[in-house]
Amino acid sequence: MSTATNTAAKLPGLDVDPFAPDVLAHPEPLHQVLREAGPVVRLTRYDVYGLGRHAEVQAALTDWQHFESGAGVGLADFRREKPWRRPSLLLEADPPHHDAPRRVLRELLAPPALRRLREQWATAAESVVDEVLSGAAECDAVRVLAQAFPLKVFPDAVGLGPDGRENLLPYGNLAFNAFGPVNELVTADAHRVAGLTEWVDAQCAREALTDDGFGARIWAAADRGDLTHDQAPLVVRSLLTAGVDTTVHGLAAALYAFSTHPDQWRLLRARPQLARVAFDEAVRWQSPVQTFFRTATADVEIGGTLIPKGTKILMFLGSANRDPARWNDPDRFDLTRDPSGHVGFGMGIHQCVGQHVARLEAEALLTALARRVERIEPAGAPRRHLNNTLRAWHSLPVRLHTA
Ligand code: OVM
């Protein structure tokens, strides 16, 4: 260790609460403070460290040997506190335990395995758009597009039964809140935890799933010996936890971006092949998943500061995605930039395993919209839905002008 290494005592501390309602509603001012304070900051309120710059966030994400996930990727330290549910075999695990579930899902959700869904989802997107356009010109883009489309295609693709699907969004909302502190967002939903958990866990059983979806394929992987039969339901649970709210708010981010950037919508309409890059740019620009924690596995140095073993480190993905040291004009939503390298899907061994599913959904919906809609005009104030981890929307009133 160099003598220049800062001790925790010397590192300036910030007393801000990254999970306070006003920060969740509008995180950019805090992000700027974090990036300008240095490569690493101490967040005294929670006794954790924070990373707001792209270089350090990317470095921590790719160094799983020093920044572990097995102690939980929220504020709670699973080594000392009982997790609210059995830890995820993917998100909350490290190699070697992480490897087998990851390999199974990676193969299941890789582009070649998704090809069979492409045409089906394009047709489904067209029908969602047709239905919206046959109604009133003014609508809530969150409800009728960003929620309606994923809920129309994803639960079927997993192989869920018809009943109880209204539990999916509330369960994801709960899970993403649970990564933060036990604040008002968590306590307000406490009465729903048991019921939602029971429903989700029941859907992960082989008998609850159709025989041709992702769920059945996970169970088939267990039959082949690629997973244990005890692991299979938890891997299905990962799809149900991470696969719905994320895509809904990713699509909402894209729709918000286009409603506020009509020139970029014109560009997409002229070049619909840009739909995928547009979605990634929206994920960079809004960062639907704002934060995750890691835990130091040893005393580690970041930017000259020593982080003691066992400390939680909060990575501000949304801040890294707008770091001016990494991006030109970072606050601009711009289809002509190359958004690759954004950390909105994470990076490294835990990088979102469902990202190809998300991109396929986005491509289907944006393409169907671009074909028929000339302009997405804001028709009222958009309203955020606050969540400890998600940058989410309650509503996004728009007027759709048909071509
Ligand atoms: C999981 C999972 C994975 C990614 C995100 C997430 C709630 C959950 O494996 O359950 O957020």
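For THR247, THR241, THR210, what's the fewest-to-most ordering of other Cβ within 10 Å of each Cβ?
Working: THR247 29, THR241 22, THR210 13.
Fewest to most other Cβ atoms nearby, the residues stand as THR210, THR241, THR247.
Nearest 0.05, what FRET efficiency do VAL182 and THR260 give at R0 = 45 Å with Cβ-Cβ as r?
Working: r = 34 Å, r/R0 = 0.76.
Given R0 = 45 Å and the Cβ-Cβ separation, E is 0.85.
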> Normalised by the residues of the chain, what does the relative contact order come to in percent, with Cα pairs under 8 Å and at least six apart?
Replying inline: 26 percent
> Hey, fewest Cβ within 10 Å first, where do ILE302, ILE218, ILE313 land in order?
Replying inline: ILE302, ILE313, ILE218
> Comparing VAL142, VAL235, VAL300, which has the greatest mean-square fluctuation in the GNM of the chain with Cα pairs linked when under 10 Å apart?
Replying inline: VAL300
>> Expected output is a single nm value to one decimal: the length gained when fully extending between HIS401 and ARG143, i.e. 0.36 nm times separation in residues minus the C-alpha distance. What is it?
In response: 91.1 nm
> Tell me, what ³J(HN,Hα) does each residue in region 39-47 have, in order and in whole Hz, if you take phi through Karplus 6.51 cos²θ - 1.76 cosθ + 1.60 with θ = phi - 60° and put x for Gly and Pro?
Replying inline: x, 8, 10, 9, 9, 5, 3, 10, 6
> How compact and how long is the chain, expressed as Rg and Dmax of its alpha-carbon atoms in Å?
Replying inline: 20.9, 69
>> Can you find, among GLY303, THR241, VAL182, the residue sitting farthest towards the positive end of the charge dipole of the chain, where Lys and Arg contribute +1 and Asp and Glu -1 at Cβ?
In response: GLY303
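Taking neighbour Cβ counts within 10 Å as the exposure measure, how do ARG143, ARG359 sort from fewest upward?
Working: ARG143 16, ARG359 21.
Lowest to highest Cβ neighbour count: ARG143, ARG359.
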> Under a GNM of the chain (C-alpha, springs under 10 Å), which listed residue has the highest mean-square fluctuation: HIS229, HIS98, HIS31?
Replying inline: HIS229
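Any idea how many Lys pairs in the chain come in under 24 angstrom at the alpha carbon, given 8 or more places apart or on separate chains? List each step's numbers first, then the result.
Details: LYS10/LYS309; LYS10/LYS312; LYS82/LYS309; LYS82/LYS312.
Lysine pairs satisfying the spacing and distance rule in the chain number 4.
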> In a GNM of the chain with a 10 Å cut-off on Cα contacts, which of LEU75, LEU268, LEU117 has the highest mean-square fluctuation?
Replying inline: LEU117
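No lab work stands behind these numbers, since they all come straight from the coordinates. Quantities reported herein were computed from a predicted structural model and do not represent experimental measurements. Heads up, the Cβs are rebuilt from the backbone with ideal geometry, glycines too, and the neighbour counts pull from every protein chain shown.
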